[in-house]
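J.: Dropping the structure in here first, questions after.
The values are calculated or read from the model by the stated rules, or taken from the named source; none is laboratory data. Predicted model, so just to flag it, every value in this text is computed and none were measured. Note that each Cβ is placed from the backbone with ideal geometry, even for glycine, and that neighbours are counted across all protein chains shown. Heavy atoms of the whole protein, side chains included, go into the accessibility calculation; ligands, DNA and RNA do not. Shrake-Rupley method; radii C 1.70, N 1.55, O 1.52, S 1.80 Å.
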Amino acid sequence: MDRKIAVRLFQISCFSIHYSLILLLFTVLCFSENAQAEDNDLMQVYYDFSTDPGWEGRNNLPKPEDGQSKKQDFGYQQTNHAGGKTGEIGGCIYRSLRPASYLKPIPTRSLNDHLHASGKFSVPQSHGGSGALIGWFHHTSRGWRTPNSLAFRIDGESNEFRVFFEYGTQTWKTGGGETFEGPYQTTTTPMHKADGSPHTWTLDYDPAGAGGTGEITFTLDGKTYKAPLAAGHKAEGAKFDRFGIMNQQISGDKISIYIDDLTVDGESEDFSNDPGWVSIDSHIAFDDFANRPIHDFGYRNTNHAGGKPGEIGGLVWRIESMLPERALYYGTPSGYLSLDDNLKASGKVCLQAAAADSGILVGWFNELTPIGNPPQNFLGIFIEGPSRVGHYFRPVYGTSEDLKGGIDSGPVIRPDGNSHDWTFEYFTDANGGNGSIMVTLDGESIALNLQPGARKGNAAFTRFGMLSWQRGGHFVDIYFDDISFTARKTEKER
C-alpha cells in the first residue's frame, strides 16, 4: 500500500476507531517497509539555529492576554506595622521569576561561620501562592530553592501564612525545616493569620551543631525549631555577602511583610532613618508572563547554550494533564522511526534556571501520543531530579504498548547558566538484542538497558524535539544548540 494513502486512511479512521487500535494500524502501515530498512535509510540532521528553523509548536507560547500586571513595592517605609517607632522595611512583595530584593551589604560569611539574626515581622495581608525570604544571601543569589542562602520563608495563602527556614549551598543543594507538625500538605497545625499582628523571631546557624554537620535554629514567638544541614552540605559551601528581603522566584501572587528592630550578627537597625540598603527591582511595575502554567519556549535569538546567537528553548512548566491536546512540544518531523533503528543525537545544553519538582524531555516522540510519564512512543533524555540533588540528565523510553523504562540517577546538570555537551545513543543489538541506551553529559555517561519485549512494543517515532513532562510541578528555563539527530531519509534523499 502506498504510504501516503496509508497515512490518509489512518487520519480518517481517527474519528471512529479506539485509539489503541488506531496506533497499531498506524504502526503496521507506516513501518512495514521500515522494519526491513537498513541503516543507510537513516541520516544525521544538524541544526545550528542561526536562523529560525520553523519547527512545529503546540501550546508552547504565551498569548497577549496571559500577562499578569504586578508591582513590587518594598524597601524602607515610614510605617510601623511590625511594632516599635515609625520606620521599618518591607511592603508589597510579589512572587515572580523576575528577581527583586532589598539587601544590606555585609562582610562575606560562609557555612563555617556562626550566624545570628533577630527581629520582629508583621504580615497585614497575604494572597494564595505568595511569599518572600528574609535572611543571608549572596549578591549573585537567584531562583527558587535559592543557592547561597540561609533564610526563613513566609509562605502566604489567602489571609494566612506559614513559616519555613531553609538554606541553599553554592552548588544548589538545599534543606531546612518548618514551624508546624506533620507533612506540609496534611498538617493539622493552624496557619498564622495575616492580620498584621507582630511576631518575634530569631534565626541562628551553628557550624558545629548536629555533630559538626551544621545546624539551623529558628525561634518564632518563643517556640524553637531545629534542622541540621544534610551530610556533606557544609562542605559543599555557601557564601553570604548580603542580608535582607528577597522575593520568592516562582510564579504567584503578592504578600505584605514588614520587619523592624532587626539585629544581624551583632549590628542593630531600628529603621528610624532610611538605612540606604541596595534595592534591585523592589519598586517596579511590569507585566509578568512567566506564570504557571504559561509556557514560553521555541526558537530564540540568544546564545545561552554556547556558540553563535540562535538556539531553541525557554520556559517550560511541569503540568499534569491526561489530555493530548493539553500536552505541549516543540519539534520537527524525523520521518518514521522505531526501536529497530540505531538512533543518536548530540548537542549543547544550558539550564539557565529551574525550580524544584521540574523537568523536561528531549528526544524522539510521536505527536499523537505526547502525554504520560514518560509518554508512549518516546525515546530520549529526561532532565529532572529531586531538589536535594538538582536535575539528573538521564535516559528514558516508552513504547506504544506502554512498556516504559528509566533510571533514578545520572549526570547532574545545575541551573548555573553554564554550557554543556551531551550525546544520546541507542543501540539495537546491545543487551542481548533487547536494545540499550547510553547518555553522556560532559564526558560522564549512564546506560539504560531496555526490558525484554520493549523492541516489540510497536514504538513509533515521528518527531524530534522538546516535550513537556506530564506531572504537576514547577519550571525549567533551558536552552539547546548545535543539535544533531537521526532521521529517516525521504524518497528524494535516498
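J.: Would you give the gap between the C-alpha center of the range 195-217 and the C-alpha center of the range 162-183, rounded to a whole Å?
T.: What the calculation gives is 11 Å, centre to centre.
J.: Counting only residues 5 or more places away or on other chains, whose amide H sits under 5 Å from the amide H of residue 106 once H atoms are built in the peptide plane?
T.: 242, 243
J.: Please work out how much length the chain gains when fully extended from residue 223 to residue 412, using 0.36 nm per residue of separation minus the C-alpha to C-alpha distance, in nm with one decimal.
T.: Roughly 64.2 nm would be gained on extension.
J.: What is the gain in length, in nm to one decimal, between residue 181 and residue 41 on full extension, counting 0.36 nm per residue of separation less the C-alpha to C-alpha distance?
T.: 44.3 nm
J.: If I ignore ligands, DNA and RNA and count only protein heavy atoms, how much of residue 215 is accessible to a 1.4 Å probe, in Å² to the nearest 10?
T.: 40 Å²
J.: Starting at the first residue of the range 134-143, write each ³J(HN,Hα) from the Karplus equation 6.51 cos²θ - 1.76 cosθ + 1.60 with θ = phi - 60°, in whole Hz, x for Gly and Pro.
T.: Going residue by residue, I get 10, x, 8, 9, 10, 5, 9, 4, 8, x Hz, with x marking Gly and Pro.
J.: Still on this model: Counting C-alpha atoms alone, how compact is the range 277-428: give Rg to one decimal and Dmax as a whole number, in angstrom.
T.: In Å, with Rg to one decimal and Dmax whole: 17.0, 63.
J.: Here's a follow-up. Calculate what fraction, in whole %, of the accessible area of the range 249-333 sits on carbon and sulfur atoms when a 1.4 Å probe is rolled over the protein chains.
T.: Roughly 47 percent, rounded to a whole number.
J.: Would you mind working out the accessible area per residue for the chain, using a 1.4 Å probe, and quoting it in Å²?
T.: Computed with neighbouring chains in place, this is 41 Å² per residue.
J.: List the residues whose amide H sits under 5 Å from the amide H of residue 410, counting only those 5 or more places along or on another chain, with H placed 1.01 Å from N in the peptide plane.
T.: none
J.: For the range 353-362, take each phi angle, set θ = phi - 60°, evaluate the Karplus expression 6.51 cos²θ - 1.76 cosθ + 1.60, and give the result in whole Hz per residue in order, putting x for glycine and proline.
T.: Running phi through 6.51 cos²θ - 1.76 cosθ + 1.60 with θ = phi - 60° gives 7, 6, 10, 5, 6, 9, x, 7, 10, 9 Hz.
J.: Suppose every Lys and Arg Cβ carries +1 and every Asp and Glu Cβ carries -1, with no other charges. What dipole size does the chain come out with about its Cα centre, to the nearest 20 debye?
T.: About 560 debye.
J.: Still on this structure, please answer the following. For the range 82-222, give the percent of accessible area contributed by carbon and sulfur heavy atoms, probe 1.4 Å, rounded to a whole number.
T.: Carbon with sulfur: 50 percent of the solvent-accessible area.
J.: Taking log10 I(q)/I(0) by the Debye sum over Cα atoms at q = 0.06, 0.13 Å⁻¹ straight from the coordinates, which label in (1) -0.26, -1.29; (2) -0.33, -1.16; (3) -0.29, -1.37 is the correct one?
T.: (2)
J.: Just going by the charge dipole of the chain, with Lys and Arg at +1 and Asp and Glu at -1 on Cβ, which of 273, 368, 252 is farthest out on the positive end?
T.: 368
J.: Here are some pairs, 85/239; 308/344; 71/223; 71/173; 193/234; 173/404; which of them have Cα atoms lying more than 26 Å apart in this structure?
T.: In this structure, 85/239; 71/223; 71/173; 193/234; 173/404 lie more than 26 Å apart at Cα.
J.: Rank 317, 243, 207 by how far each Cα sits towards the positive end of the charge dipole of the chain (+1 on Lys, Arg Cβ; -1 on Asp, Glu Cβ) and give me just the farthest.
T.: Most positive-ward Cα: 317.
J.: Nearest 10 degrees is fine. How inclined is helix 19-31 to the longest principal axis of the chain, computing both from alpha carbons?
T.: 50 degrees
J.: Under 5 Å between amide H atoms, partner at least 5 residues away or on a different chain: which partners does residue 472 have, H built in plane at 1.01 Å?
T.: Sorted by chain and number, the residues that satisfy this are 320.
J.: Rank 343, 475, 150 by how far each Cα sits towards the positive end of the charge dipole of the chain (+1 on Lys, Arg Cβ; -1 on Asp, Glu Cβ) and give me just the farthest.
T.: Positive-most Cα among the choices belongs to 343.
J.: Roughly what angle does helix 3-13 make with the longest principal axis of the chain, taking Cα atoms, 0 to 90 degrees, to the nearest 10?
T.: Taking the Cα atoms of the chain, the angle to 3-13 is about 60 degrees.
J.: Sticking with this one: Using the Karplus equation 6.51 cos²θ - 1.76 cosθ + 1.60 (θ = phi - 60°), what ³J(HN,Hα) coupling, rounded to whole Hz, does each residue of the range 57-66 give in order, writing x for Gly and Pro?
T.: Listing the rounded values in order: x, 10, 6, 9, 10, x, 9, x, 7, 7 Hz.
J.: Run the helix sum for the chain: -39,500 (n - 2.57) per DSSP H stretch of 4+ residues, divided by residue count, reported at 222 nm to the nearest 500 deg cm²/dmol.
T.: When only DSSP H runs of four or more count, the value is -1500 deg cm²/dmol.
J.: Could you tell me what percent of the accessible area of the range 342-494 is made up of carbon and sulfur, with a 1.4 Å probe and every protein chain present?
T.: 43 percent
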